[in-house]
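All remarks here apply to the structure that follows.
The values are calculated or read from the model by the stated rules, or taken from the named source; none is laboratory data. Because the structure is a prediction, the values reported are computed rather than measured. All Cβ positions, glycine included, derive from the backbone under ideal geometry; neighbour counts span all protein chains shown.
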Amino acid sequence: MVLQGYEPAAVWAHFEALSAIPRGSYNEQAAAAYVAAFAEKLGLYCVVDKVNNVFIKKPASPGCEDQPAVMLQGHLDMVCEKNEDVEHDFLTDPIEMYVDGDWIKARGTTLGADNGLACAMMMAILEDNSLVHPPLECLFTAAEETGMDGAMAFDAGLSAAKTLINMDAGPDDMFVVSCAGGMTLYIDKRYTVTDAVGEGLRIAVTGLTGGHSGTNIHRGRGNANRIMGRLLDSLSDRARLSEIRGGSKNNAIPREAFANIVVPSAEEAIKTLSAMAAVLKSELTEADEAFAVSIEPVSAEKAMSRAETEAVTALLCLLPEAVLNMSQRVPGLVETSANIGVVRTENGAVSIELSCRGSVESRQEETLRRVVHLCRLVGADLKQGARYSGWEYDPASPVRKTFEAAYRDLFGREATAKAIHAGLECGLFAAKMPGLDIVAIGAECHGGHSPAERANIPSTARVYELVKEVLRRMGTQA
C-alpha cells in the first residue's frame, strides 16, 4: 500500500485500489464491477448501465429525509498516456505510483487522479455512516475522456437530484461555474503507396510537455503534430511520406510525433530539417525546453505520392490549432480552440482526430466550417463525432454560495468562482435535468492527460472535508 498512512485514509485506500484496475476509456468494465460490488456490500441501490455508468443511491441520514437529493459525480475512466520509453500495458497493468513530498505521481504514465480521486471520495462518503447528508446519489460515469459517452447515455430518469456536485475540477480554492462545449472531428486522407526511390529517413519530435487540451491550451505549449507538419513543409517537394504517427488521445496536446519519409538526398534533407528544428525551438516557451528533433536513416521501400504527401502536410499545417478566439465577455477566458490530438497511418489512410472546444456555438460552427472547406480542398473525408453543449453561468446558484460559505468557515479564506475552457459533463446534465443547480470542484492536480500528472495530498484532504461539510449543511438547512 503505497498510500497507506496518508489522510484521508479511506480516500487514498479506494484510490489505490482503483488504480490497480485498468480503466482507460471503453475499458471500464472491471472498474464498474468493482464499484458495483462495493455498493452491494454496503446494501445500497445500484444500477450499472450498458455503457458502464454506475449509479448508486444512499438514503438520507436521520433527520435529513425531507431535503432535496444531491448528486455527487465523477468519471471512472482515465487518459492512458505514457512516455515512449516506458513499458506499460494500460489494458492489463496497474498504475505504478509513488509519493514525492506532498504529491502523488506515477512512473512514466498518467496517474489517473483525473478522475479517480472523485470516485475514491464518493466511495469513502458512501461507506461513512457517521456523516450527515441529504438523500445522496453518486454517479460514476464512463468514457468521459473520449467524448462524454457515459454522461450522454445516462438515464436521467433514475435521478431525483436537484443539485449536482461535479468533482472533476480544481484546485480546491476554485469553484468552476461554467464550462465549454466540445466536438470531435475525424479526418481521413486516403492514399496509395508505390515503390520508393531515394533514401529513407525517420523524423522524431520528442520532449514536449503536452497537457490537457482544455486547461493548458492557452499556455503556448508545442503541438507535436503541428510541428511535424511544419518540418515536412520545410522540405517543399523533396519528400514522400511513408508513415506518420503522433499523439494517442485527441484531448491531450501531443508530446511526440514520428514520420518516415523518402527523399532524393538524405544529406540535404537533414540540413533543411535541422535548420527548421532550430527555428521551432526558438519559438517554444521554457515549458518545452526538452524539445528535440532527431533524424536517422530508415528502410523505406514504399511511399505515398508527392500530391498525397502535400495534402497531409497541408492538413497538419492548416487545420485550426491552439487558441482560436478569446472571450469578449469574460477576461482571460479562451472562447474557442482546437487540438490536433492524434495522427496515424492505418488501412490506407492518414487519420487525424481534431478536438474542438468552445463556449459560443456560432464560433464552434465556424471552426467546423473551416475544417469542412479545408478537407474539400485537399480531398479528405470528414466525420463529426461527439458534440456536447457547454454549461452556462448561474449568478444565483445556491450550491455555489453554500460552497463559498463553507470554504470560508473551514479555511479562513475566500475561494474564487471561475468559468473554464475545459469540457465537463455538467453541460450534458444541465440539458438532461432542467433546473439542476451545479458546481464543479476538485483537488489540486497538475499535468493532466500526460505522464507529468500529479495530485496534491493536502489539497485532496481539504476537498474531502469541504464536500462533507457542504453535504452536512444541505442536509440540515431550514
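Structure notes:
- Restricting segment 157-183 to residues that are touching a Gly at 6+ places or on another chain (Cβ under 8 Å) and in a strand (DSSP E or B), the residue that is nearest to residue 458 (Cα to Cα) is 166.
- Residue among 94, 62 that is within 23 Å of the chain's Cα centre (by Cα), assigned to a loop (DSSP other than H, G, I, E, B) and over 20 Å from residue 462 (Cβ atoms): 94
- Residue under evaluation residue 328, criteria (1) surrounded by fewer than 16 Cβ atoms within 10 Å (Cβ to Cβ); (2) not in a loop (DSSP other than H, G, I, E, B), criterion not met: (2)
- Failed item in (1) assigned by TED's automatic domain parsing to the domain that holds residue 235; (2) under 17 Å from residue 418 (Cβ atoms); (3) touching an Asp or Glu at 6+ places or on another chain (Cβ under 7 Å), with residue 397 passing the rest: (1)
- The lone exception for residue 448 - which of (1) over 28 Å from residue 101 (Cα atoms); (2) within 23 Å of the chain's Cα centre (by Cα); (3) crowded, with 21+ Cβ neighbours inside 10 Å; (4) of a type in the set (Gly, Ala, Ser) it fails: (1)
- Enumeration of residues in segment 184-202 that are in a loop (DSSP other than H, G, I, E, B) and among the aromatic types (Phe, Trp, Tyr): 191
- With respect to the conditions (1) of a type in the set (Lys, Arg); (2) farther than 30 Å from residue 247 by Cβ; (3) outside any helix (DSSP H, G or I), residue 473 lacks only one, and its number is (3).
- Pairs meeting the criteria (first residue in segment 323-339 and at pLDDT 90 or above, second residue among the acidic types (Asp, Glu), beta carbons under 6 Å, at least 6 apart or on different chains) are 325/335; 326/335; 338/321.
- Meets criteria (surrounded by 23 or more Cβ atoms within 10 Å (Cβ to Cβ) and either free of Cβ contacts under 8 Å to residues at least 12 places away in the same chain or under 19 Å from the mean Cα position of the chain (by Cα) (or both)) for residue 70: no
- Note on segment 1-35: residues that are of a type in the set (Gly, Ala, Ser), farther than 16 Å from residue 75 by Cα and not in a loop (DSSP other than H, G, I, E, B) amount to 3.
- Among the residues making up segment 344-362, those that are under 23 Å from residue 144 (Cβ atoms), of a type outside the set (S, T, N, Q) and not in a loop (DSSP other than H, G, I, E, B) are 344, 352, 353, 354, 356, 357, 358, 361.
- The requirement of being of a type in the set (Gly, Ala, Ser), modelled with pLDDT of 95 or more and within 20 Å of the chain's Cα centre (by Cα) is not satisfied by residue 419.
- Some residue of segment 132-148 being surrounded by 24 or more Cβ atoms within 10 Å (Cβ to Cβ), of a type in the set (A, V, I, L, M, F, W, C), at negative phi and assigned to a helix (DSSP H, G or I): no
- With respect to the conditions (1) in contact (Cβ under 8 Å) with a residue 24 or more places away in the chain; (2) over 23 Å from residue 394 (Cα atoms); (3) part of a helix (DSSP H, G or I), residue 151 falls short on a single one, namely (2).
- Residue in segment 215-233 that is more than 18 Å from residue 355 (Cβ to Cβ), buried (at least 23 other Cβ atoms within 10 Å of the Cβ) and β-branched (Val, Ile, Thr) present: no
- Any chance residue 205 is outside the structural domain of residue 85 (by TED's automatic domain parsing), closer than 29 Å to residue 444 by Cβ and in a strand (DSSP E or B): no
- Comparison of 300, 307 shows that the only residue that is under 22 Å from residue 192 (Cα atoms) and in contact with a strand residue (DSSP E or B) (Cβ under 9 Å, 6 or more places away or on another chain) is 300.
- Put simply, of 233, 237 the only residue that is among the charged types (D, E, K, R), in contact (Cβ under 8 Å) with a residue 12 or more places away in the chain and not in a helix (DSSP H, G or I) is 237.
- Residues (surrounded by fewer than 20 Cβ atoms within 10 Å (Cβ to Cβ), touching a residue at least 60 places away in the same chain (Cβ under 8 Å) and not in a strand (DSSP E or B)) located in segment 99-128: 102, 108, 127, 128
- Pair list, Cβ under 8 Å, 6 or more apart: segment 76-87 residue in contact (Cβ under 8 Å) with a residue 40 or more places away in the chain and on the phi > 0 side of the Ramachandran plot, other residue aromatic (Phe, Trp, Tyr) and not in a loop (DSSP other than H, G, I, E, B): none
- If only residues of segment 240-256 that are outside any loop (DSSP other than H, G, I, E, B) and of a type outside the set (S, T, N, Q) are counted, the one that is surrounded by the most Cβ atoms within 10 Å (Cβ to Cβ) is 253.
- Matching option when the condition is of a type outside the set (D, E, K, R) and free of Cβ contacts under 8 Å to residues at least 12 places away in the same chain, among 222, 157: 157
- When 308, 296, 286 are checked against the criterion of being among the acidic types (Asp, Glu) and surrounded by 16 or more Cβ atoms within 10 Å (Cβ to Cβ), 308 stands alone in meeting it.
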